[in-house]
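See structure below.
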Amino acid sequence: MWLLGAGVPVLGVLIALALAGWVFEAWLAKAVDRALLTQAAVEAVSLFDGPGGTAHLHLESSTLELNVRGIVPTAELYGPDGRLVLTYPDSGAAIGPPPAPVPLNEPRFETTPGPDGGRLRQLTLSTRSPEGELYLLRLSASLSQKDQAIRAFSTIALGLAVLLGGLLFALQAWQARWVSRRLGQLRALIARLREGGILHAPASPPQVDEIAEVEDTLREASSRLHEARQSQEELIARAAHELRTPLALMRTHLDLALWKQRDAEALREALGETRREVERLSALAGSLLDLASFGRGRWEVRQGDLREVVDDAAAAARAEAEGRGVWILVEGPEPAPCSFHAPSVRQAMDNLLANALRYAPTGTEISVRLAREAHAWRISVRDRGPGIPLEHREAVFKPFHRVEPAGPGTGLGLAVVHEVAQRHGGRVFVTNEAPGAEVVLALPTEGPKSEIPRVA
């Protein structure tokens, strides 16, 4: 964190400041050259307009000469013979050796050491007098102010970079301690999960950051696992209770048959009772297997005709319905295209029809309606029986729940339907229709949106 959060940014700032200093220095150097060239152009135009055509420097006669003496360049004028003719300021002494000749209209720039140990930027140019003689004009500007400006810029920039680096390192140190503390809390949560503990919601308001999102996800997963474990334990306990009852009855019938000598009719009755309990055990085991299989593995979802599955389930239930004096009526569009897992939906339809047949009075009908609503198919199965009381309309989809504790069935049929609906991203519910009970299975037309792969 220090490297990426402080080291790299400070290094980038230093490189940027170095480039900015280099650009600033080059710009100042060009500014000095432009100023020298401008003054040389002014002096060269009127260098020989003095009385009698004598040469003179105009800075000497300026009314502001005393105000600008410390900032304007010094000037030297050399005659055709190479001797010093004029200087500004009027000291009579040249700055360095006489300049080498330069071609006319080709000024020469150079940087030389100054008498005070600093650097001088010099401009030398040739100019012609009215008599046609060549003179050399040399202007010298001290670079000390420019160098001071560069040093001041570098010092200020370096100071700001050091200050920024210190702030960034302090910020990263605080951030590192904060991240270390938050990761420590996350490790503690994971350790509790590994030991099988339950992660409850924090007492204080949760922090808003990425680690908090991971914590919330872990807490939610822990809560779901806890609920799933409780549901599994409850299912196992209730399954054991449901299995114990028919086993106890079977054992009682067999013990009574073996306890004393009985005639053939009594033995046949005992065997009949035992067979009914075996069938009950078989139905219960099948429902448990169905419920367990829907929560295990992945389903292949295919595009198919939902009406065809509904018709097949109704046709399979008609034989039992006719034996009970009940008829089944199917209504709905043909075809009904939908993406679904056909075996599980068929199992759900079988359970819905079996549940309706269990309570439908003789001489009544069971209505199966298939209808399209927005982005879902709605399959409703309605009987004309006693109906489901309001307080049981949600609980009937839980495993082993019965409206009447001693009522028929295993208490798992509607739980299987609920699992099928959830796996498809749909829902199942009981409506307020009367008389009778109407159970509705709603499935999305596009199929489930997660975890179940679609097959073309």
(request) Out of ALA141, ALA170, ALA161, ALA157, report the one residue that is exposed (fewer than 14 other Cβ atoms within 10 Å of the Cβ) and either of a type in the set (A, V, I, L, M) or farther than 23 Å from ASP33 by Cβ (or both). (result) ALA170
(request) Give the residue, chosen from THR112, THR54, THR127, that is in contact with a helix residue (DSSP H, G or I) (Cβ under 6 Å, 6 or more places away or on another chain) and among the β-branched types (Val, Ile, Thr). (result) THR127
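Quick grid of which residues meet (1) under 23 Å from TRP27 (Cα atoms); (2) out of contact with any Pro (no Cβ under 6 Å at 6 or more places or on another chain); (3) of a type in the set (Val, Ile, Thr):
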{"residue": "ALA44", "(1), (2), (3)": "no, yes, no"}
{"residue": "SER61", "(1), (2), (3)": "no, yes, no"}
{"residue": "LEU84", "(1), (2), (3)": "no, yes, no"}
{"residue": "THR87", "(1), (2), (3)": "no, yes, yes"}
{"residue": "GLY96", "(1), (2), (3)": "no, yes, no"}
{"residue": "LEU123", "(1), (2), (3)": "yes, no, no"}
{"residue": "PRO130", "(1), (2), (3)": "no, yes, no"}
(message) Just the residues that are within 21 Å of ASN105 (Cα to Cα) and of a type outside the set (Asp, Glu), please, taken from the stretch 13-40.
(response) LYS30, ALA31, VAL32, ARG34, ALA35, LEU36, LEU37, THR38, GLN39, ALA40
(request) Identify all residues within the stretch 424-456 that are at pLDDT 85 or above and not hydrophobic (A, V, I, L, M, F, W, C); write none if there are none. (result) HIS424, GLY425, GLY426, ARG427, THR431, GLU438, PRO444, THR445, GLU446
(request) Identify the residue in the stretch 117-130 that is touching a residue at least 12 places away in the same chain (Cβ under 8 Å) and farther than 14 Å from ASP33 by Cβ and, among all such residues, is surrounded by the fewest Cβ atoms within 10 Å (Cβ to Cβ). (result) PRO130
(message) Quick check on the stretch 21-36. Is at least one of its residues over 24 Å from SER144 (Cα atoms) and either within 60 Å of the chain's Cα centre (by Cα) or among the aliphatic types (A, V, I, L, M) (or both)?
(response) no
(message) So LEU134 ticks every box in (1) closer than 26 Å to ILE95 by Cβ; (2) among the hydrophobic types (A, V, I, L, M, F, W, C); (3) not assigned by TED's automatic domain parsing to the domain that holds PRO80 but one. Which box is left unticked?
(response) (3)
(message) Can you say whether ARG378 is modelled with pLDDT of 90 or more and either in a strand (DSSP E or B) or basic (Lys, Arg) (or both), as far as the supplied structure shows?
(response) yes
(message) For the stretch 139-192: of the residues being assigned by TED's automatic domain parsing to the domain that holds GLU76 and among the hydroxyl-bearing types (Ser, Thr, Tyr), which is nearest to the chain's Cα centre (by Cα)?
(response) SER144
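The values are calculated or read from the model by the stated rules, or taken from the named source; none is laboratory data. This structure is a prediction, so every number in the text was calculated from the model and none was measured. Methodologically, a virtual Cβ is constructed for each residue, glycine included, from the backbone with ideal geometry; neighbour enumeration extends over all protein chains shown.
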